[in-house]
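Asker: Attaching a single structure in structure tokens format; questions to follow.
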Amino acid sequence: MSMDVFDCGVVLFESQEDEEDLRVECVVTPEGALEILQESDGPITRWCFEESPHRIEAVVEPMGLEALMGYFHVDEPWQLPAILRLEYTGYDCFSRIRALLRRLVVPYAVYEAPIAR
């Protein structure tokens, strides 16, 4: 799945080192869902996943955002990407955000192409 960053979206992390690119984006969609997309591209990605670029997306549906908004003390879903950008940066921000969602018992879905072996 490809994600465009809307007005209420942010880049949490971006790196282009040694032929390997990594980008993590976060957005609240017009429908009110929180989407976090990690995309990697390069020879290491191709070796690990047998595809490049490789995308993995985590989606929290609108009904699941209340606990996350309470945790960060924000009133509107569109504020979450900016808050996440303050708290979760670095190459591992995608996995750290998913760990937070699990800790807060916020349901989310992960979408990733299966590895073709």
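The values are calculated or read from the model by the stated rules, or taken from the named source; none is laboratory data. Note that this is a predicted model, so its numbers are computed, not measured. Don't worry about glycine lacking a Cβ; one is built from the backbone with ideal geometry, like all the others, and counts go over all protein chains shown. Ligands, DNA and RNA are stripped out before the accessible areas are found, and what is left, the full protein with its side chains, is counted by its heavy atoms. Shrake-Rupley method; radii C 1.70, N 1.55, O 1.52, S 1.80 Å.
Asker: For the range 1-81, state which GluC sites (Glu not before Pro) are in a DSSP loop and have at most 10 other beta carbons lying within 10 Å of their beta carbon.
Answerer: Glu19, Glu31
Asker: Nearest 10 degrees is fine. How inclined is helix 93-103 to the longest principal axis of the chain, computing both from alpha carbons?
Answerer: 40 degrees
Asker: What nm value, rounded to one decimal, do you get for the distance between Arg103 and Tyr91 when each label is placed 7 Å out toward the C-beta?
Answerer: Between Arg103 and Tyr91, the label points sit 2.2 nm apart.
Asker: How big is the chain along each principal axis, measuring the range of its Cα positions in Å and listing the largest first?
Answerer: Each principal axis gives a Cα extent; for the chain these are 42, 26, 26 Å.
Asker: Turning to a different aspect of this structure: I'd like the chymotrypsin sites (Phe, Trp or Tyr not before Pro) in the range 32-89 restricted to DSSP loop residues with at most 10 other Cβ atoms within 10 Å, sorted by number.
Answerer: none
Asker: If you don't mind, another one. Fully extended, how many nm does the chain gain between Met63 and Glu19 (0.36 nm per residue separation, minus their Cα-Cα distance)?
Answerer: Going from the current span to full extension adds 11.9 nm.
Asker: Here's a follow-up. Using alpha-carbon pairs under 8 Å, 6+ residues apart, how would you state the relative contact order of the range 1-90 in percent?
Answerer: About 28 percent, as a whole number.
Asker: Can you work out the accessible area per residue across the range 72-117, with the rest of the protein chains kept in place, probe 1.4 Å, in square angstrom?
Answerer: 68 Å²
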